Amino acid sequence: MTDRAAADGAAELRKQIAQTRSQLGSTVEELAAKTDLRGRAKARAADLKDRAGAMTVQLRSSAAQAGHTVQERAGRAGHTVQEKAKGAGHTVQEKAAHAGHTSRSRVKGGRHDRQAGGAHVVTGVEDTASRAERTVPAPLRAPVGFARRHPRPVMIVAAAGAVIVAAGLLGRRRTSRC
């Protein structure tokens, strides 16, 4: 039995030696990975590149959405301005028609000539135009006039502003998580 016990003891020792070698090998691999600065730097760079790509896609999506929102709002504002302009146009037409009727009746009555009625029409149009100009504050009249004449640069600047705001919000959100 001593041979068998010695054989079992030798087999147990071999098993322990194999297990210790395995543990030592994995420990050496872990240490080598920790000391491989170049490999770790490449892995970190790849991770950052992936995150930057994802952020770029997200920012482009946000910018496109902001551009669509700005375009939609500008379209609505344009329609509102058109409706107000139509309303003002109808008001001017009504005043002109009324002034025309008034001047005809005066001409028929012999009290005034047609020029007096025409002056009344011009005065009505000037009143409507001056009311429209007064609704815009004086310092903003020049930029608003430019924006009415050239809407495309205004849209581009608005879209760029939306991108900057989106980037700022994403930056704040990212720093608040950390």
* **Any pair with Cβ under 9 angstrom, 6 or more apart, that starts in segment 39-50 at a residue that is of a type in the set (A, V, I, L, M, F, W, C) and open to solvent by 80 Å² or more (accessible area, probe 1.4 Å) and ends at one that is at pLDDT 90 or above and in a helix (DSSP H, G or I)** => none
* Given the conditions (1) surrounded by 10 or more Cβ atoms within 10 Å (Cβ to Cβ); (2) farther than 30 Å from Val157 by Cα; (3) among the aliphatic types (A, V, I, L, M), and given that Ala64 satisfies all but one, which numbered condition is not satisfied? -> (2)
* Across segment 122-178, what is the total count of residues that are at pLDDT 75 or above and either within 27 Å of Gln65 (Cα to Cα) or open to solvent by 60 Å² or more (accessible area, probe 1.4 Å) (or both)? -> 39
* **Given (1) open to solvent by 80 Å² or more (accessible area, probe 1.4 Å); (2) free of Cβ contacts under 8 Å to residues at least 24 places away in the same chain; (3) within 12 Å of the chain's Cα centre (by Cα), index of the condition Gln71 fails** => (2)
* **Filtered residues of segment 67-99 (kept if modelled with pLDDT of 75 or more and small (Gly, Ala, Ser))** => Gly67, Ala74, Gly75, Ala77, Gly78
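The values are calculated or read from the model by the stated rules, or taken from the named source; none is laboratory data. Not measured: the values here are computed from a predicted model. Virtual Cβ from ideal backbone geometry, glycine too; neighbours counted across all protein chains shown. The area values use the complete protein model at the heavy-atom level, side chains included, leaving out ligands, DNA and RNA. Shrake-Rupley method; radii C 1.70, N 1.55, O 1.52, S 1.80 Å.
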